[in-house]
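**Q** Dumping the structure here so I can ask a few things about it.
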Amino acid sequence: MSEALILNSQNETRSPLIRQMPSNLIAEQMLLGTFLIDNESVNKASDFLRGEHFFDPLHQRIYDSIITFMDKGIVATPITLKNLFDQDEALKEKGGAKYLLDLASLAATIINVHDYAKTIYDLALRRKLIRIGEEVVNDAYNKEEVLSGTTQIEVAEQKLYNIANEYQESHQGFASIRYSLNEAINKAQKSFNNKGHVSGISTGFDDLDVLLGGFQDSDLFILAGRPAMGKTALAINMALNCCRVLIENFEKEKRNNPKQQEDHKPKSVGFFSLEMSADQLASRMISMISKIQTPKIRNGHLTEQEFSSIMLASQELQSIPFFIDDTPALSISAIRTRARRLKRKHNLGLLFVDYLQLVRGSNASKDSNRVSEISEITRGLKGIAKELNIPIIALSALSRAVEQREDKRPMLADLRDSGTIEQDADIVAFIFRESYYLLRKSPKEGSEEHVKWQQEMANAGNVAEVIIAKHRSGPVGDVKLYFNSALTKFGNLAEGSSQD
């Protein structure tokens with residue numbers, strides 16, 4: 001054997017030229033020995049330590065067996081575990097049942113169980129990082145790899161995020177209620193200062209704010225509807241309203257705190273548009289503000305006054321903190337990456353995703369199950385909302401079952417592709433316009449039915465309903481909004497056409 005090879009205290013052979021996975025077998029042995037002598041000591045580590053975190057596969061099985069025995073109310077000792085491991089080849093190689101007794105004999109030297117468990121856990125994390133690094137390097141070198149470099153980055157980040165998320169979960173436990181109370185009181189005080197209006201970010205619609213209290217941080221808000229109901233139009237209206245509110249809040253904070261740092265930025269709104277291009281969204285927004293229909297803007301049949309209105313609308317849009325990403329078929333990991341970047345660079349305060357069914361899962365393929373993929377996406381969006389502490393408004397399609405019913409008003413069961421959309425969402429809202437369906441039932445002119453139909457159209461023509469079907473932290477109910485179909489613009493129903 002080469003003189004360069006040495007034997008360390010853990011009976012592991014190391015070489016300057018050969019790097020081995022980080023591990024501490026002695027720490028594993030001493031910790032398992034302590035658990036065998038005192039089963040209750042497992043409770044000091046079991047909230048974050050799992051069998052897979054041990055380096056030695058035999059140690060993994062011993063730890064899992066101790067946990068299993070305790071769950072069944074059986075004391076785990078070298079004697080009670082002996083029968084379970086009698087035929088275990090790995091244990092035979094280490095001396096059989098005597099190895100379990102040897103582990104127990106090491107227990108007396110442990111003082112702090114938690115510190116030993118943390119050491120083992122930390123080494124397991126480092127091993128995972130090494131494996132991810134190796135996979136990234138190998139994938140990048142692989143000439144036959146079909147994934148693009150950008151996609152490989154997203155895959156690598158998703159793996160790193162999973163580790164970070166696991167670490168965060170393992171270190172989150174019970175905390176005194178006083179921390180939660182402080183946050184609740186701060187929100188209540190904010191509502192009180194706003195004369196009871198909203199504690200979150202105002203939607204811009206009074207009746208909706210009364211029901212919801214605005215968009216709340218860390219909430220996942222699902223806005224669903226059938227095609228042509230106005231999902232995207234309502235989302236754009238909300239986004240514009242929120243931008244204005246965020247600017248007003250920022251200016252108010254500056255007035256109240258003149259010493260605020262110059263580089264402090266107002267919160268911004270991000271909009272992932274997987275269906276429409278950024279140009280199309282911009283045209284709609286100009287139409288809403290200038291009150292000039294989109295077709296006129298596109299074909300150029302404008303008066304000088306109308307063109308001037310368009311330029312003024314454009315100037316207003318340039319001044320608001322609104323950011324659009326119209327990259328098609330983004331994966332949930334890409335959305336997470338770009339949302340983090342927007343949070344870091346432009347103080348992201350609110351995020352829209354249009355729409356859910358166009359987002360890809362992390363490992364989307366032809367053979368992937370769409371239901372499980374949608375489940376991953378909704379869980380991912382909720383995770384982003386909590387991580388960045390922002391509201392996320394995600395648009396969703398509805399199944400065709402709505403069209404087959406006499407009553408076209410949507411229900412939770414109509415959510416398309418997965419029940420986890422309802423499960424993961426804090427709020428589920430539907431957009432419904434009765435006029436859309438009435439228009440397709442036009443009776444013969446001059447008939448009695450036609451007169452009745454005209455009255456129904458007059459009542460429903462400019463009305464859109466937002467149906468709050470699920471509200472985790474508040475009441476459900478319906479809110480009626482004014483809708484101008486020509487400008488795809490929503491407003492408060494009480495103000496009606498005065499907004500146009």
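Computed from the coordinates by the stated procedures, all read-outs in this text should not be read as laboratory data. Computed from a predicted structure; not experimentally measured. Every residue, glycine among them, receives a Cβ derived from its backbone with ideal geometry; neighbour counts consider all protein chains shown.
**Q** What is the local net charge at Ala385, summed over the other residues whose Cβ is closer than 9 Å to its Cβ (Lys, Arg +1; Asp, Glu -1)?
**A** Residues close to Ala385 contribute a combined charge of -2.
**Q** Quick one: putting +1 on the C-beta of Lys and Arg, -1 on the C-beta of Asp and Glu, what dipole do you get for the stretch 311-362 around its Cα centre, in Debye to the nearest 20?
**A** 460
**Q** Only Lys, Arg, Asp and Glu count, each charged at its Cβ (+1, +1, -1, -1), so figure out the dipole size of the stretch 6-170 about its Cα centre, rounded to 20 debye.
**A** That gives the stretch 6-170 a dipole magnitude of about 420 debye.
**Q** Is there a pair in Lys267/Lys382; Lys343/Lys480; Lys159/Lys345; Lys231/Lys296 whose C-alpha atoms are over 25 Å apart, and which pairs would that be?
**A** Over 25 Å apart, Cα to Cα: Lys343/Lys480.
**Q** Would you please put 392-404, 220-232, 474-486 in order of how densely packed they are, using the mean number of other Cβ atoms within 10 angstrom per residue and starting with the highest?
**A** Descending mean neighbour count gives 220-232, 392-404, 474-486.
**Q** Please give the direction-averaged projected area of the C-alpha convex hull for the stretch 6-170, in square nanometres with one decimal.
**A** Computing the convex hull of the Cα atoms and averaging its projections yields 12.3 nm².
**Q** Return Lys382, Lys345 ranked ascending by Cβ neighbour count within 10 Å, so the fewest neighbours appear first.
**A** Result, fewest neighbours first: Lys345, Lys382.
**Q** Determine the relative contact order of the stretch 6-170: mean sequence separation of Cα pairs under 8 Å and six or more apart, normalised by residue count, in whole percent.
**A** This gives 29 percent for the stretch 6-170.
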